[in-house]
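Asker: Got a structure for you, questions after.
The values are calculated or read from the model by the stated rules, or taken from the named source; none is laboratory data. Nothing here was measured: the structure is a model prediction, and the numbers come from that model. Backbone-built Cβ (ideal geometry, glycine too); neighbour counts: all protein chains shown. Areas reflect the complete protein model, heavy atoms only, side chains present, ligands, DNA and RNA absent. Shrake-Rupley method; radii C 1.70, N 1.55, O 1.52, S 1.80 Å.
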Amino acid sequence: MKNRDDLPIKATGHTQRGQCSKRISILDAAANVFCREGFSGASIDEIAVEACVSRQTIYNHYREKETLFTAVVEDVMDRANAMLYSILATFPDKSDNLEDDLTAFAIRLTKNCLCNQDGKFLRKLVQSEGERYPHLFEAWRQHGPGKISTALGALFARLCYKGALQIDDFDLAARQFLALVNADLQMITLFGETPTSEQLESAARNAVHTFLRAYAKPAGETTSRTPTLAAVS
């Protein structure tokens, strides 16, 4: 019979919680260091000190700096996407006061997705490291910006079918809406500043006013145009 000390130790709930806690500490510390130093400037030793773990613990979890960086981007992106879909759930579904309702939605979108900590982090990393290390952002490319325009396009389609809007290409309309919403905020956020509430409201109202001039159904028109299959595929 084997000695008890020679038997493999079975992971307990306490051990699993400890491993999870370490992983969270590593990801949070790595996010801070990568954001501050960039990918090339960040060191595993610096991340280990900030996470209060050994450098070997980081290697045990993530093998190398590139794997850790990708994990950080995916972790931040998951949180950003969760916030995004919670905001999309508040998209207006009535046309009674569409301009004000869309403006309020645009303010929520920019405040909680563009100007929050995760949004700032991703934007800074892409701006500083995207050109040199494009492969590190592949997950962000596939599951980040592309998702919002598709989801928003489906919401505009719903308003279109209800007769509130007149749109032929929903994805294009969604991209244009996002571009308009961000237009007045680009220079502010480019330098790391946080827009004021007044700036967010002004940008949103300008964007929605311009968007509705292009896509709102003319007054007195009761029938809606049916989009082509290509527009909704």
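Asker: Would you check the accessible area of residue 194, probe 1.4 Å, heavy atoms only, in square angstrom rounded to 10?
Answerer: Only protein atoms counted, so the area is about 80 Å².
Asker: Enumerate by residue number the GluC sites (Glu not before Pro) in the stretch 77-164 meeting two conditions: DSSP loop (anything except H, G, I, E, B), and at most 10 other Cβ atoms within 10 Å of the site's Cβ.
Answerer: Here the GluC sites (Glu not before Pro) that fit, given the DSSP loop and packing criteria, are 131.
Asker: What pairs from 94/124; 120/162; 94/120; 22/120; 22/147; 124/147 go past 26 Å between their alpha carbons?
Answerer: The answer is 94/124; 120/162; 94/120; 22/147.
Asker: Quick one: if you stick a label point 7 Å off each Cα along the C-beta vector at residue 199 and residue 124, how many nm between them?
Answerer: The two pseudo-label positions are separated by 1.6 nm.
Asker: Determine the order of 103, 196 by accessible area, beginning with the largest, at a probe radius of 1.4 Å.
Answerer: Highest to lowest solvent-accessible surface, that is 196, 103.
Asker: Separation between the residue 209 and residue 172 pseudo-spin-labels, each 7 Å from Cα along Cα→Cβ, expressed in nm?
Answerer: Spacing of the two 7 Å Cα→Cβ label points: 2.5 nm.
Asker: From the phi of every residue in the stretch 134-141, what ³J(HN,Hα) in whole Hz does the Karplus formula 6.51 cos²θ - 1.76 cosθ + 1.60 yield, where θ is phi - 60° and glycine or proline is x?
Answerer: Each residue's phi maps through the Karplus curve to give x, 5, 6, 10, 4, 5, 5, 4 Hz.
Asker: How much length would be gained if the chain were fully extended between residue 100 and residue 150, taking 0.36 nm per residue of separation minus their Cα-Cα distance, in nm to one decimal?
Answerer: Between residue 100 and residue 150, full extension yields 15.7 nm more.
Asker: For a label point 7 angstrom out from the Cα of residue 131 toward its Cβ, which stretches of the stretch 41-55 have the backbone nitrogen within less than 20 Å?
Answerer: 41-42
Asker: Another question, then. Rounded to the nearest 0.05, what FRET efficiency do residue 28 and residue 183 have when you use their Cβ-Cβ distance and R0 = 45 Å?
Answerer: 0.85
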